[in-house]
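Quick notes on the structure that follows.
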Amino acid sequence: MPRLPIFKAALDFNADMKLDAFRYDPERAKALLDEAGWKAGGDGMRAKDGVPLSLTFYDFTGNVSRQTAETMQGDLRKVGVDMKVELYDATIVWGKLKTQDFDLFQMDYPYLSAGDAMNLYFLSANMPTPNRMNWNDPETDRLIKAGNGAVNAQARYEAFAKAQAIIHDAVLWKPLVEERLTVIATGRLKPFKPHGVSGAAFYNGLDLEAAN
């Protein structure tokens, strides 16, 4: 199970984060919900002051999305949380995600480096989309901007590494699956190394060369 919002092989990944801080632990989840006042009823489902603990989940249509949603729904039900699943076609889901009428959402995202991912999804200037978590943290903004303006690789890494640690500790995202990039190419191209983790496999294509 991946535990980090940035793939370990990505440029500027911070390997010093607490990789095992968040793990599958239903009993601990139940205890935390009890402490927060969400008590389980006779059917095992939780409520607080008469309000059921029910979450709305948005995702894309498709077999993988449906299977992922059903797995999450089942695991949450085990601790007394009701998750209502709403799947939408790609022509509709982006508009739905702009509404902020959800509690949880799932999506894949492409990036080439830690800086790419954080610039897109965690800057406060990008609320409410693509910063759909509405993460508004001046220190995160400062560190990402410092990384963007760094004049050498070490300074860039140090800034982005600190920003990653903040994002990770805040549990803004919980990665579910790491999809390894697989590229099939014609023999008419010289061997090449794919870019990125998902999407943007060929970046700008400038390093592709025809075989002799």
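Here Phe160 passes the criteria (1) open to solvent by less than 60 Å² (accessible area, probe 1.4 Å); (2) under 28 Å from Phe57 (Cα atoms) except the one numbered (2).
Tallying residues that are open to solvent by 50 Å² or more (accessible area, probe 1.4 Å), of a type in the set (A, V, I, L, M) and touching a residue at least 12 places away in the same chain (Cβ under 8 Å) within region 119-151 yields 1.
Kindly provide the set of residues from region 46-73 that are part of a strand (DSSP E or B), among the basic types (Lys, Arg) and open to solvent by 40 Å² or more (accessible area, probe 1.4 Å), ordered by number. Residue satisfying the conditions is Lys48 alone.
Filtering region 63-82 to residues that are of a type in the set (Gly, Ala, Ser) and in contact with a strand residue (DSSP E or B) (Cβ under 8 Å, 6 or more places away or on another chain) leaves Ser65, Ala69, Gly80. Cβ-Cβ distances below 6 Å connect the following pairs, each with a first residue in region 51-71 that is over 21 Å from Gly37 (Cβ atoms), a second residue that is β-branched (Val, Ile, Thr) and open to solvent by 40 Å² or more (accessible area, probe 1.4 Å), and a separation of six or more residues or different chains: Phe57/Val85; Ala69/Val85. The numbered conditions (1) more than 25 Å from Leu176 (Cα to Cα); (2) surrounded by 11 or more Cβ atoms within 10 Å (Cβ to Cβ); (3) not charged (D, E, K, R) are all true for Gly42 except (2). Of the residues making up region 121-134, those that are touching a helix residue (DSSP H, G or I) at 6+ places or on another chain (Cβ under 7 Å) and either within 14 Å of Gln164 (Cβ to Cβ) or assigned to a loop (DSSP other than H, G, I, E, B) (or both) number 7. Among the residues making up region 74-118, a single one is buried (at least 19 other Cβ atoms within 10 Å of the Cβ), in contact with a Pro (Cβ under 8 Å, 6 or more places away or on another chain) and assigned to a loop (DSSP other than H, G, I, E, B): Val79.
For region 152-179, the set of residues classified as outside any helix (DSSP H, G or I) and touching a residue at least 24 places away in the same chain (Cβ under 8 Å) consists of Ala170, Val171, Leu172, Trp173, Lys174, Pro175, Leu176, Val177, Glu178, Glu179, listed by residue number.
The values are calculated or read from the model by the stated rules, or taken from the named source; none is laboratory data. Computed from a prediction, not measured in an experiment: that's the story for all the values here. Using ideal geometry, Cβ is built from the backbone for each residue, glycine included, and neighbour counts are taken over all protein chains shown. These area figures cover heavy atoms from the full protein model, side chains too; ligands, DNA and RNA do not enter into them. Shrake-Rupley method; radii C 1.70, N 1.55, O 1.52, S 1.80 Å.
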